[in-house]
Every structure is written in C-alpha cells, then in structure tokens.
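The values are calculated or read from the model by the stated rules, or taken from the named source; none is laboratory data. Not measured: the values here are computed from a predicted model. In this analysis, Cβ positions are derived from the backbone assuming ideal geometry, glycine residues included, and neighbour counts consider all displayed protein chains.
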Amino acid sequence: NAGVTQTPKFQVLKTGQSMTLQCAQDMNHNSMYWYRQDPGMGLRLIYYSASEGTTDKGEVPNGYNVSRLNKREFSLRLESAAPSQTSVYFCASRSDPPPSTDTQYFGPGTRLTVL
Amino acid sequence: GENVEQHPSTLSVQEGDSAVIKCTYSDSASNYFPWYKQELGKGPQLIIDIRSNVGEKKDQRIAVTLNKTAKHFSLHITETQPEDSAVYFCAASGRGSTLGRLYFGRGTQLTVWP
C-alpha cells in the first residue's frame, strides 16, 4: 500500500496562475482532508470530504476549491494564486466511522511557492 | 470550534535526557488526542494517541498522559536520541458538528544534541 500520495511535490506559480493539487489514497478510507502548513501556525484545515460527493469548509477555505472525484481522489484547486497561498499543503485520509477511527494519515506534502 | 495550545515552541535537550511537550484544549467534549512527528521535508506521522477513557499510554520510550479535568495532555520522550529531532504536533478531536476533524497545536521543534 502506498498510503496517501500527493502530486506534485514542488510547484512554483506566478500570481494569478491556477493549478490543481492532486491527492489519492489506497486505504479505502471515506474521509479526506486538505491542510496547509505555515511556519509557527501548525496545520490548518482548508476543506474536507466526509464521503464521496460531499465537501465542507474548514478554517481557511478562501481562495480554494475542492473536488472529491471518487472515493480514492480528492483534489485542491487554486483558481488565481496569490503570494499568501505560498505554503506546504498536506492531504490526509481517515477511515470511518468515528470515534474508533479518528486517526488521520498524511501524505508527503506539496511545497507551493507563489511569486 | 476546538482551540489547542502547545508549549514550548522549541525544545533542546542533550541525548539521553527526557523531553516533555504540553498541550491544552478548550472543548471538554473532545475525546481523542493524537501526537504526530514530522521530520524535515516529510508529512506528519502518528506516533501515539490516547482516548479520554484512559489516563496514560506508553509505547517504548514514548508516553502520553491526559488530565481531562484540567483539559491538558502531554508527550513524554525518555532517553532521547538524535533521531528524535523533529517537529511534534498535538491535536484534539472535534465533536458534534465538527466530528471527524482534528484541531492541531502549532508544533514543537525538538532538537536532541549528541
């Protein structure tokens, strides 16, 4: 099992460009998450999906859109990138139902720089 | 939503010494508290977790304690080694409308000097 995979690993964008970050998991998990990590700020939730076909906003959703393509894949899109979106982005997944399966498993991250 | 505070933000110890990282949470309904270790350039990895019906849990050199009354929990690493150097995050689970979410502390950079 590869667990949670993310592509690309690194990306540099210019202000105003768009891009999609890809995430896939092979653990048959129902829930998937997108976080951003900034120095001294910990991990902040952008969006999450409790099941295929559903998405919900987290703490910092502005400037992002998500798509739960199927049970395996959850993508994050930046329509018009801004320098404030320079960050490391992590995808995570969790099996259901809680509370016995609260554990989230993280991917290796995408390091995004917006110039 | 839940608010998790983590201290200290940086911690330096000599190899072989113990390290303690402390977290507090605000929502008394939270009942799951994981700790993650993040090595440089990698994603966070779960190292230990505890549920609210347990006061302490150990796994070799790592232990976590939970005080529900005071709403705080701690990570204890004994006999530290250089490979323990990393950023450690605590988290608390959401409940009710935020069920399935985790709320993270800001992290502690642990450095173990040989």
Find the residue count for region A:59-82, including only residues that are touching a strand residue (DSSP E or B) at 6+ places or on another chain (Cβ under 7 Å) and in contact (Cβ under 8 Å) with a residue 24 or more places away in the chain. 14
For A:Leu13, which of the numbered conditions (1) within 28 Å of B:Tyr88 (Cβ to Cβ); (2) of a type in the set (A, V, I, L, M); (3) at pLDDT 95 or above fails to hold? (1)
Collect the residues in region A:78-96 that are surrounded by 17 or more Cβ atoms within 10 Å (Cβ to Cβ) and assigned to a loop (DSSP other than H, G, I, E, B), keeping them in residue-number order. A:Ala81, A:Ser95
Of the numbered conditions (1) buried (at least 18 other Cβ atoms within 10 Å of the Cβ); (2) modelled with pLDDT of 95 or more; (3) away from chain A (no Cβ under 11 Å), B:Gln81 satisfies every one except a single condition; which is it? (1)
May I ask you to verify whether B:Val64 is under 15 Å from the mean Cα position of the chain (by Cα), surrounded by 13 or more Cβ atoms within 10 Å (Cβ to Cβ), hydrophobic (A, V, I, L, M, F, W, C) and within 11 Å of chain A (Cβ to nearest Cβ)? no
Would it be correct to say that A:Arg36 is within 12 Å of chain B (Cβ to nearest Cβ), more than 12 Å from the chain's Cα centre (by Cα) and surrounded by 14 or more Cβ atoms within 10 Å (Cβ to Cβ)? no
The correct count of residues that are part of a strand (DSSP E or B) and either more than 9 Å from chain A (Cβ to nearest Cβ) or out of contact with any strand residue (DSSP E or B) (no Cβ under 9 Å at 6 or more places or on another chain) (or both) in region B:92-103 is 1
On the basis of being within 14 Å of chain A (Cβ to nearest Cβ), modelled with pLDDT of 95 or more, under 30 Å from A:Tyr48 (Cβ atoms) and surrounded by 12 or more Cβ atoms within 10 Å (Cβ to Cβ), does B:Arg106 make the cut? yes
B:Ile21 vs (1) in a loop (DSSP other than H, G, I, E, B); (2) surrounded by 13 or more Cβ atoms within 10 Å (Cβ to Cβ): all pass except (1)
Only one of (1) of a type outside the set (D, E, K, R); (2) over 24 Å from B:Gln6 (Cα atoms); (3) at the interface with chain B (Cβ under 9 Å from one of its Cβ atoms) fails for A:Ala92. Which number is that? (2)
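Across region B:30-60, what is the number of residues that are among the small types (Gly, Ala, Ser) and crowded, with 19+ Cβ neighbours inside 10 Å?
At the first step, the residues of region B:30-60 found to be among the small types (Gly, Ala, Ser) are B:30, B:41, B:43, B:52, B:55.
Subset that is crowded, with 19+ Cβ neighbours inside 10 Å: B:30, B:43.
So the answer is 2.
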